[in-house]
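Beneath this line is the structure, given in structure tokens, with notes to follow.
The values are calculated or read from the model by the stated rules, or taken from the named source; none is laboratory data. All figures in this text were calculated on a predicted structure; none of them were measured in a lab. We place every Cβ from the backbone using ideal geometry, glycine too, and count neighbours over all the protein chains shown.
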Amino acid sequence: MNTPINPPGLQRMLVALDPFDSNDLLEGYVYRIASWSNADVVLLLVCELAQETLILFRKQLLPPEQLEEEIQSREKALEPQLMDLAVRLRKAGIKVFPRLAHGRKIGDMILKAASAEGAQLIVMGNRSHGAIKSLLIGSVTDYVLHRTDIPLLIIPDDSPRGGDESSPLV
């Protein structure tokens, strides 16, 4: 195995995970980049609150305690997905920092976390929504792409797997 090198500027990368995807494709790419660069990996999973929940809260039909319970319930449901990936990467020798955030605007949460964590690279997947749906609703990836100064690596959902047979994650 090659000795990891640390290219200038790549000491920490933020990987924005999709709670509705297995993130297997991202995992292979993250493993290869982190192994090659010896960069720390911040795994970010944003817990998005349902629009209906926020509307009820704003109209004061949902008490703050119930909103907090809703957030905790959603985070509890997502935490195993985040921690499972963190454990697999750690077993492969990658230095990982799992982060769970919550908010309504996922793109803003990713940008805020990348800045706070000092990331030199953001890695995201890009699910195909179809041309019409993407035009109408946009995408988190597009949102981040047009609002960040940090290099962004976008892994399309139809790209070949980032790992290879020698990768312990494949």
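I'd like the residue in the range 132-170 that is of a type in the set (Gly, Ala, Ser) and at pLDDT 55 or above and, out of all such residues, is farthest from LEU89 (Cα to Cα).
Step one: list which residues in the range 132-170 are of a type in the set (Gly, Ala, Ser), which gives 134, 138-139, 159, 162-163, 166-167.
So of that shortlist, the ones also at pLDDT 55 or above come out as 138-139.
Values: GLY138: 31, SER139: 27 Å.
Of everything passing the filter in the range 132-170, GLY138 is farthest from LEU89 (Cα to Cα).
Does at least one position in the range 34-52 carry a residue that is surrounded by 15 or more Cβ atoms within 10 Å (Cβ to Cβ) and at pLDDT below 80?
First, the residues of the range 34-52 that are surrounded by 15 or more Cβ atoms within 10 Å (Cβ to Cβ): 34-35, 37-49.
Within this subset, residues satisfying the condition of being at pLDDT below 80 are 48-49.
Yes, because at least one residue in the range 34-52 is surrounded by 15 or more Cβ atoms within 10 Å (Cβ to Cβ) and at pLDDT below 80.
Starting from residues that are modelled with pLDDT under 95 and closer than 27 Å to GLY28 by Cβ, keep the ones in the range 95-108 and report whichever is surrounded by the most Cβ atoms within 10 Å (Cβ to Cβ).
Residue satisfying both the conditions and the ranking: GLY107.
Is one or more of the residues making up the range 61-70 assigned to a helix (DSSP H, G or I) and surrounded by 20 or more Cβ atoms within 10 Å (Cβ to Cβ)? First the steps, then the outcome.
Here is the first cut: in the range 61-70, the residues assigned to a helix (DSSP H, G or I) are 64-70.
Retained after the next criterion (residues that are surrounded by 20 or more Cβ atoms within 10 Å (Cβ to Cβ)): none.
No - not one qualifying residue is present in the range 61-70.
Given the criterion crowded, with 16+ Cβ neighbours inside 10 Å, closer than 24 Å to ASP142 by Cα and either of a type outside the set (S, T, N, Q) or modelled with pLDDT under 80 (or both), identify the matching residue among LEU111, LEU56. Walk me through it before giving the result.
Values: LEU56 fails: closer than 24 Å to ASP142 by Cα.
Among LEU111, LEU56, only LEU111 is crowded, with 16+ Cβ neighbours inside 10 Å, closer than 24 Å to ASP142 by Cα and either of a type outside the set (S, T, N, Q) or modelled with pLDDT under 80 (or both).
Could you list, ordered by first residue, the pairs with Cβ atoms under 8 Å in which the first is in the range 28-41 and touching a residue at least 12 places away in the same chain (Cβ under 8 Å) and within 16 Å of LEU14 (Cβ to Cβ) and the second is assigned to a helix (DSSP H, G or I) and among the acidic types (Asp, Glu), at least 6 apart or interchain?
Note: no pairs meet the criteria.
I want to confirm something. Restricting to the range 72-82 and keeping residues that are surrounded by 15 or more Cβ atoms within 10 Å (Cβ to Cβ) and not acidic (Asp, Glu), which single residue is modelled with the lowest pLDDT? Show your work before the answer.
Here is the first cut: in the range 72-82, the ones surrounded by 15 or more Cβ atoms within 10 Å (Cβ to Cβ) are 74-75, 78, 81-82.
Retained after the next criterion (residues that are not acidic (Asp, Glu)): 74, 78, 81-82.
Values: ARG74: 77, LEU78: 81, GLN81: 88, LEU82: 91.
Only one residue fits best here, namely ARG74.
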